[in-house]
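Notes follow the structure.
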Amino acid sequence: QVQLVESGGGLVQAGGSLRLSCAASRSLSSPNVMGWYRQASGNQRELVANIISSSITNYADSVKGRFTISRDNAKNTVYLQMSSLKPEDTAVYYCNVKIWGSNFWGQGTQVTVSS
């Protein structure tokens, strides 16, 4: 089992920035994928970005050029740096780890972008 604890959400004005963090409760063996998903009210959960290693990343088209995902394997932590935020980025953001053929999820952190 892996527990994931997110932090860093909040309220920000459009054009602003936030950084989300997600710490895993244990060291993660390879291979694994760490990522962020989001779910806006009334919508399905969607992939925002994921990272397999420091050089293999994947982003949703809607966040390319604005969001950056990174990870610190020594701290078992994944980050999401969000810049140029838009009201449509408002959602609950969930941390995800894919490992051992399973998916593990954090509890979610609210990001609200005001216009």
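The values are calculated or read from the model by the stated rules, or taken from the named source; none is laboratory data. Just so it is clear, the structure is predicted and the values come from calculations on it, not from any experiment. Every residue, glycine among them, receives a Cβ derived from its backbone with ideal geometry; neighbour counts consider all protein chains shown. What goes into the accessible areas is simple: the full protein's heavy atoms, side chains included, and nothing from ligands, DNA or RNA. Shrake-Rupley method; radii C 1.70, N 1.55, O 1.52, S 1.80 Å.
Looking at the chain alone, DSSP beta bridges between its own residues are antiparallel in about 90 percent of cases.
Relative contact order for segment 30-84: 26 percent, from Cα pairs under 8 Å spaced at least 6 residues apart, divided by residue count.
Sequence-distant contacts, meaning Cα pairs under 8 Å at least 6 residues apart, place the relative contact order of the chain at 37 percent. With protein chains left intact and a 1.4 Å probe, residues in the chain average 52 Å² of accessible area per residue. Could you tell me the distance between the Cα centroids of segment 75-115 and segment 1-24, to the nearest Å? Computed from Cα coordinates, the inter-centre distance equals 6 Å. Computed from the C-beta positions of residue 99 and residue 64, the FRET efficiency with R₀ = 25 Å rounds to 0.45. Dipole magnitude for segment 30-115: computed about the Cα centre from +1 point charges on Lys and Arg Cβ and -1 point charges on Asp and Glu Cβ, it is near 120 debye. Note on the chain: with neighbouring protein chains present and a 1.4 Å probe, carbon and sulfur make up 46 percent of its accessible heavy-atom surface.
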